[in-house]
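Peer 1: Before anything else, here's the structure in question.
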Amino acid sequence: MQFSDLPHITGGKILQLKSDLAIENLVIDSRKAVIDDGSIFFAINGPRNDGHLFITELYSLGIRQFVVEKELNLAPLPNANIIWVNSSINALNSIAKNHRAQFSIPVIGITGSNGKTIIKEWLYQLLSVDKKIVKNPGSYNSQIGVPLSVWEMQPYHQMGIFEAGISQPGEMIFLQKLIQPNIGIFTNIGSAHAEGFQNIDEKIKEKLKLFSQSEILIYCTDHVAVDRAVHETKLPSFTWGTKESADIKLTELKTTTEFYFRGKSYSILFPFHDKASLENGFHCVALLLHLGYDVSTIQQRISGLKSIAMRMELKEGINNCQIIDDSYNNDLSGLQISLDFLSGQQKKKKTVILSSILQAGISDEETVKKIVSMLNKTSVTKFVGIGSAFSAFKNLFESVPLKYFYDFTEEFLSQYDFDQLEGEVILVKGARIFQFEKIVHRLQRKAHGTVMQIDLGKIVHNLNFFKSKLKPKVKIMAMVKAFAYGSGSEEVASLLQYHKVDYLGVAYTDEGVDLRKKNISLPIMVMNPSEESFDLLLANQLEPAIYSLKMLHLYANFLAGKNAKIHVEIETGMQRLGIGEVELDEALKVLKLNKNISVASVFSHLSASDEAKHDGFSKEQFERFQKSYKKISSELNIEPLRHILNSAGILRLPDFQMEMVRLGIGLYGIDPASEVSDKLEPVATLKTVISQIKKIHAGETIGYGRKGVAEKELTIATIAIGYADGFSRSFSRGKGVVLVNGKRAPVIGNVCMDMTMINITGINANEGDEVIVFGEGLPIQEVAETIDTIPYEILTNTSARVKRVFVTESI
């Protein structure tokens, strides 16, 4: 496909054509752009971001082809190819649809409420033994993700497996035209993304449109609503379930499932036990039976199924390194996702440890060439290749500054000098057969079994949700004080910088200095500066909040004419910090005398933005603030940024947004106003492990002070968390509970410094089992309420000795 083909394909109009280039890479995210002549950027004017704002930047980096949907100044883009379309998203779909039409290979389409990605990845494991397969990377199943996935189809592929997800009526017909599945799988139906539909039946019928032209649809007849809808639409089907009418009749879905198929009885032993995995697994069995595989072959392959590592984990490593753990899967599409994540990290030294890519569908030499091209575009400084393919073509890695090659994982572990790793971010990505978990174990900084898991994808979700609540051009200051509310300042700040927030806010100067050391370049406001830290503020380009006349005088004297930015805090009724109305005239005199001091913003704090009963007082505060701001603006002849809203204020008081807002606890998935809890996603899960299990006889006591008393025979577990980790002593004696294998277990006795005892009587548990302190199934709000505190305190009290593990989407 050439650029000159696009008007015919998209219905668009060429605004400028300098060179008729090939279309090779479809780019929708300016931060993940593959910079070469074959890349074309789709500028999408979305509800949260406008891609047109990044065209000039991308042009300066080397992109030369653009699809736009708004008027554009062509002068800064003299050598670019530019086409105007009504909708960049529709153009993306049209281009991918045109590409799809070139292939006649069998394609499996998967939809449903849950299990789509797992089934797709398991089918890839099961079928890639025989076939070269193209699939969605990760969960790229949306109106944008599907066309990007379909674009990956190449002549050497023998089968496609694509999942499709929708959230609104009318969306699936577009995905059907893109995927054009011959075979369909409908996983199940649930409440996910149901808000766009009148009822569950409307949602099912919309999803079934994916299979309107399919030769066969595979589904479970036990899902009654799905079964009814399929019969109504008269789609050809191949079914399984416990109903007599099913083509594959099960007695019961369990670890060893017996079933009848074409007059014969069979059984399948699954390598897992939970209901969701069993259902996903039998969808795979049904598909293989439909394709003609015999049961013995299916059993052999099902036995080798492995759990899918859906997310990469960002971990603390040895020698001040960070480890991106993606050690359980490896293909070219997934590698690009991993390298995009690596590229977003702020450490300058980037290392990749990679295994050979198996079943890539192309020759080893061609695969290595593609990998080297990806590494170069990510500015990788060090590469470790493990596998014979890398050793055979090591000459292709000339452009990578440092490179090392090993045939086997054990060879690397025994021969590599790990002391040379220092201050790097290291991506570890390998096919399961290479056992790269051994490499991660060697690289990871050792810590006890308690970890706080931070989901970076959920932080992005929450950020985008709050962006959707802002008026156009309102800036965001993201608060990363108090170790980013316990979540890890460096990693969260790096993510926020990648997603282009406007400002960061910290409590103390040393927090800002640490971020500068980690290559965070965003403007940073320091809310509680001290005289002792003035030199660090200036040296690190940190901007102090000036909250008193005394502080202003001290800072002006220290600067002695040097240029610096400050933020003026106005007292409007919080009675905490801030320059009051009676002090403002004196402050203005100081600022007039010290023209080297630039006022970046003027701000204040609302005392009770989270409660409607105080809205009258919030309005009074806002009016006082506006009065002070007008005085500052008129007397100094400046118009600095204004901000007064925190997370609760963003949700409840949109008229007070002004030029900037401060996003704090809401970013981490906590709804401070109890208004949108169902729209936010809590980012943190605190978990530990069972160290020991004991039987306790009636009358025996447990813990310090003998405060736990067994009134009957008990089973207790000691878990590896105590008040030194941030698990408060207030949780003692039954007040606190934790989750053990999905069951609630109360604290028994007093919480100790490093350990806590819990009552697990009646719970099936073993030493080493995971224990959830807060997270899914045990919300942090509920945990906080049990000891009469707030989620802020629970999060920020989690001590620094608890290892933070950061996860993001993988595969």
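The values are calculated or read from the model by the stated rules, or taken from the named source; none is laboratory data. Bear in mind the structure is a predicted one, so any value in this text is a computation, not a measurement. Every residue, glycine among them, receives a Cβ derived from its backbone with ideal geometry; neighbour counts consider all protein chains shown. The protein model used for the area step is the full one, side chains on, heavy atoms only, and it has no ligands, DNA or RNA in it. Shrake-Rupley method; radii C 1.70, N 1.55, O 1.52, S 1.80 Å.
Peer 1: Out of 5, 29, 37, which single residue is on the phi < 0 side of the Ramachandran plot, at pLDDT 95 or above and charged (D, E, K, R)?
Peer 2: None of the others qualify; the one that does is 5.
Peer 1: If you check residue 299 against the conditions, is it in contact with a Ser or Thr (Cβ under 9 Å, 6 or more places away or on another chain), touching a residue at least 24 places away in the same chain (Cβ under 8 Å) and of a type outside the set (A, V, I, L, M, F, W, C)?
Peer 2: So residue 299 passes the test.
Peer 1: Contact list please: Cβ distance under 6 Å, first residue in region 528-544 and within 9 Å of residue 509 (Cα to Cα) and open to solvent by 50 Å² or more (accessible area, probe 1.4 Å), second residue in a helix (DSSP H, G or I) and at pLDDT below 95, pairs at least six apart or on different chains.
Peer 2: 536/509; 536/513
Peer 1: Test residue 10 against the criterion of being among the polar types (S, T, N, Q) and buried (at least 18 other Cβ atoms within 10 Å of the Cβ), and give yes or no.
Peer 2: In short, yes.
Peer 1: Additional query: In region 159-176, how many are farther than 17 Å from residue 117 by Cβ, of a type outside the set (S, T, N, Q), open to solvent by less than 40 Å² (accessible area, probe 1.4 Å) and touching a helix residue (DSSP H, G or I) at 6+ places or on another chain (Cβ under 7 Å)?
Peer 2: 2
Peer 1: Exactly one condition in (1) among the small types (Gly, Ala, Ser); (2) open to solvent by 50 Å² or more (accessible area, probe 1.4 Å); (3) at negative phi is not met by residue 732; state its number.
Peer 2: Every listed condition holds for residue 732 apart from (2).
Peer 1: Further, regarding this structure: Being touching a strand residue (DSSP E or B) at 6+ places or on another chain (Cβ under 7 Å), of a type in the set (Lys, Arg) and either open to solvent by less than 40 Å² (accessible area, probe 1.4 Å) or in contact (Cβ under 8 Å) with a residue 24 or more places away in the chain (or both) narrows it down to one of 592, 687, so name that one.
Peer 2: 687
Peer 1: Can you name every residue in region 561-602 that is part of a strand (DSSP E or B) and of a type outside the set (A, V, I, L, M)?
Peer 2: Answer for region 561-602, where residues must be part of a strand (DSSP E or B) and of a type outside the set (A, V, I, L, M): 565, 567, 569, 598, 601.
Peer 1: Pick from region 780-794 the residues that are assigned to a loop (DSSP other than H, G, I, E, B) and open to solvent by less than 50 Å² (accessible area, probe 1.4 Å): which of them is farthest from residue 734 (Cα to Cα)?
Peer 2: So, considering only residues that are assigned to a loop (DSSP other than H, G, I, E, B) and open to solvent by less than 50 Å² (accessible area, probe 1.4 Å), the one farthest from residue 734 (Cα to Cα) is 789.
Peer 1: Looking at 489, 468, which is the one that is at pLDDT below 90, farther than 30 Å from residue 122 by Cβ and surrounded by 15 or more Cβ atoms within 10 Å (Cβ to Cβ)?
Peer 2: 489
Peer 1: If I filter region 105-117 down to residues being buried (at least 18 other Cβ atoms within 10 Å of the Cβ) and modelled with pLDDT of 90 or more, which single residue comes out as nearest to the chain's Cα centre (by Cα)?
Peer 2: Looking at residues that are buried (at least 18 other Cβ atoms within 10 Å of the Cβ) and modelled with pLDDT of 90 or more, I get 116.
Peer 1: Further question on the same structure: Please find, among 694, 679, the residue that is open to solvent by 10 Å² or more (accessible area, probe 1.4 Å) and under 23 Å from the mean Cα position of the chain (by Cα).
Peer 2: After ruling out the rest, the residue left standing is 679.
Peer 1: Here is a list of conditions, (1) open to solvent by less than 10 Å² (accessible area, probe 1.4 Å); (2) free of Cβ contacts under 8 Å to residues at least 60 places away in the same chain, and residue 429 meets all of them except one; can you say which number that is?
Peer 2: Only one criterion is unmet by residue 429, namely (2).
Peer 1: Kindly indicate whether any position in region 287-308 is at pLDDT below 90, of a type in the set (D, E, K, R) and surrounded by 17 or more Cβ atoms within 10 Å (Cβ to Cβ).
Peer 2: No, region 287-308 has no match at all.
Peer 1: Also: Can you tell me how many residues in region 635-649 are touching an Asp or Glu at 6+ places or on another chain (Cβ under 8 Å), open to solvent by less than 10 Å² (accessible area, probe 1.4 Å) and not in a helix (DSSP H, G or I)?
Peer 2: Final tally of qualifying residues: 1.
Peer 1: For the list (1) among the hydrophobic types (A, V, I, L, M, F, W, C); (2) touching a helix residue (DSSP H, G or I) at 6+ places or on another chain (Cβ under 7 Å); (3) free of Cβ contacts under 8 Å to residues at least 40 places away in the same chain, I need the number of the one condition that residue 520 fails.
Peer 2: So residue 520 meets the others, but not (3).
Peer 1: Quick check, is residue 120 on the phi < 0 side of the Ramachandran plot, touching a helix residue (DSSP H, G or I) at 6+ places or on another chain (Cβ under 8 Å) and in a helix (DSSP H, G or I)?
Peer 2: When the stated conditions are applied, residue 120 does not pass them.
Peer 1: Restricting attention to region 215-227, which residues are open to solvent by 10 Å² or more (accessible area, probe 1.4 Å), in contact (Cβ under 8 Å) with a residue 24 or more places away in the chain and either assigned to a helix (DSSP H, G or I) or within 20 Å of residue 117 (Cβ to Cβ) (or both)?
Peer 2: 223, 225
Peer 1: Could you list all residues from region 29-57 that are open to solvent by 30 Å² or more (accessible area, probe 1.4 Å), assigned to a helix (DSSP H, G or I) and either within 27 Å of residue 335 (Cα to Cα) or among the basic types (Lys, Arg) (or both)?
Peer 2: 31, 32, 54, 57, listed by residue number.
Peer 1: For residues that are surrounded by fewer than 14 Cβ atoms within 10 Å (Cβ to Cβ) and either in contact with a Pro (Cβ under 6 Å, 6 or more places away or on another chain) or assigned to a helix (DSSP H, G or I) (or both), tally how many sit in region 228-252.
Peer 2: 3
Peer 1: Follow-up. Can you tell me how many residues within region 715-748 are closer than 16 Å to residue 767 by Cα and either in contact with a strand residue (DSSP E or B) (Cβ under 7 Å, 6 or more places away or on another chain) or assigned to a strand (DSSP E or B) (or both)?
Peer 2: Qualifying residue count for the region: 12.
Peer 1: Taking region 519-559 as the search range and keeping residues that are within 31 Å of the chain's Cα centre (by Cα) and hydrophobic (A, V, I, L, M, F, W, C), which one is modelled with the lowest pLDDT?
Peer 2: 520
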